[in-house]
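J.: Next up is a structure, given as structure tokens.
The values are calculated or read from the model by the stated rules, or taken from the named source; none is laboratory data. Since we're looking at a predicted model, the values are computed, not measured. Cβ placement follows ideal geometry from the backbone for every residue including glycine, while neighbour counts extend to all protein chains displayed. The area values use the complete protein model at the heavy-atom level, side chains included, leaving out ligands, DNA and RNA. Shrake-Rupley method; radii C 1.70, N 1.55, O 1.52, S 1.80 Å.
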Amino acid sequence: MSQLEHEPFFAPGGTNLKHMAKYMGFSGKHFKSLNPALLKDLIPNSEKGYWLRIPKGHLANASQYIQKYF
């Protein structure tokens, strides 16, 4: 999958990116390659949230993850 095959998704502060990637069926490494600006595997709780790049076609999975864990 090309890095250009992604779509934006707003994830709230406190989101664990490794856990989210695993839930969606992707490796943390692949998720990081789509979001190189993120230095850690967690969106800080002090942040309202962050616009992530997620693999195209997985908005429903990302939304389900947020609904389940937030």
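J.: Report the residues of the range 1-43 in range of a label on residue 59: point 7 Å along Cα→C-beta, backbone N strictly under 11 Å from it.
T.: Backbone N within reach: 7-10.
J.: Students often forget the sequence filter, so: which aspartates and glutamates lie under 17 Å Cα-Cα from residue 22 once same-chain residues fewer than 8 apart are removed?
T.: Straight-distance partners of residue 22: 41.
J.: So if I place +1 on the C-beta of Lys and Arg and -1 on the C-beta of Asp and Glu, and nothing else carries charge, what would the dipole magnitude of the chain be about its Cα centre? I want it in debye, nearest 20.
T.: 160
J.: Ignoring any ligand, DNA or RNA, what whole percent of the accessible area of the chain comes from carbon and sulfur when the probe is 1.4 angstrom?
T.: The value for the chain is 55 percent carbon and sulfur by accessible area.
J.: Can you tell me the relative contact order of the chain? Whole percent, Cα pairs under 8 Å, sequence separation 6 or more.
T.: Relative contact order here is 47 percent.
J.: Over all distinct Cα pairs, what is the inverse of the mean 1/r for the chain, reported as the Kirkwood hydrodynamic radius in Å? Intermediate values should be presented prior to the final figure.
T.: Values: mean 1/r = 0.0841 Å⁻¹.
The Cα-based Kirkwood calculation yields 11.9 Å.
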